[in-house]
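Enquirer: One structure is given below, represented as structure tokens, and several questions about it will come after.
What follows is calculated from the coordinates using simple rules that are stated; it is not laboratory data. Just so you know, these numbers come straight off a predicted model, no measurement behind them. Note: ideal-geometry Cβ built from the backbone for every residue, glycine included; neighbour counts use all protein chains shown.
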Amino acid sequence: MEKQTYFRGTGRRKTAVAQVRLVPGDGNAIIINGRPFEEVFPREMHRQMVLQPLLVTESFGKYSVVAKVTGGGISGQCGALAHGIARALLQSDEKLKQVLRQYKLLTRDARAKERKKPGLRRARKAPQYTKR
């Protein structure tokens with residue numbers, strides 16, 4: 001059997017789905033949907049969130065990240081990307097599981113938008129009550 005050239009991980013957050021490939025070798029290259037990482041996530045907070053799995057496992061620079069992200073907004077996408085990177089790292093080395101669990105990077109964040117209910121303006125906001 002041919003040696004695998006990359007590690008895959010799928011991450012999800014809200015309605016965003018990230019399909020991540022970790023390619024071993026030299027690289028700080030992070031390409032998302034064919035665009036550089038800094039271009040997709042201009043905010044520093046989002047960048048740190050995406051890089052967290054690589055930093056806590058001391059894998060930054062060991063892998064190049066190529067990802068395809070669909071759905072959701074910017075916050076959901078960076079959460080999905082972090083989840084996908086963590087899952088791909090776990091596939092590359094099973095020993096990283098304890099560290100990734102410690103930082104809660106393998107747990108899928110199940111929070112999602114609540115549906116609108118009939119008789120209400122939004123999911124929970126009710127029309128203003130008038131006594132008379």
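Enquirer: Sort the following peptides by mean Cβ neighbour count (other Cβ atoms within 10 Å, averaged over residues), highest first: 78-87, 111-120. Before the final figure, lay out the partial values.
Expert: Values: 78-87: 26.9, 111-120: 9.3.
Going from most to least packed, we get 78-87, 111-120.
Enquirer: Where a Cα-Cα gap under 22 Å defines reach, which lysines qualify for Lys97, not counting those fewer than 8 residues away within the same chain?
Expert: Lys62
Enquirer: Cross-link candidates for Lys131: which lysines have Cα within less than 29 Å, leaving aside residues fewer than 8 places away along the same chain?
Expert: By straight Cα distance, Lys131 reaches Lys116, Lys117.
Enquirer: What is the local net charge at Lys62, summed over the other residues whose Cβ is closer than 11 Å to its Cβ (Lys, Arg +1; Asp, Glu -1)? Spell out each step's value before the answer.
Expert: On the way: positive: none; negative: Asp26, Glu58, Asp93.
For residues surrounding Lys62, the net value is -3.
Enquirer: Rounding to the nearest 20 debye, state how big the charge dipole of the chain is about its Cα centre with +1 on each Lys and Arg Cβ and -1 on each Asp and Glu Cβ.
Expert: On the way: 28 positive and 10 negative charges, 316 e Å.
Around 1520 debye, computed over the chain.
Enquirer: Using mean Cβ contacts within 10 Å as the protection proxy, how do 122-130, 11-19 order, highest first? Can you show the working numbers first?
Expert: Values: 122-130: 8.2, 11-19: 21.1.
Ranked from most to least packed, the peptides come out as 11-19, 122-130.
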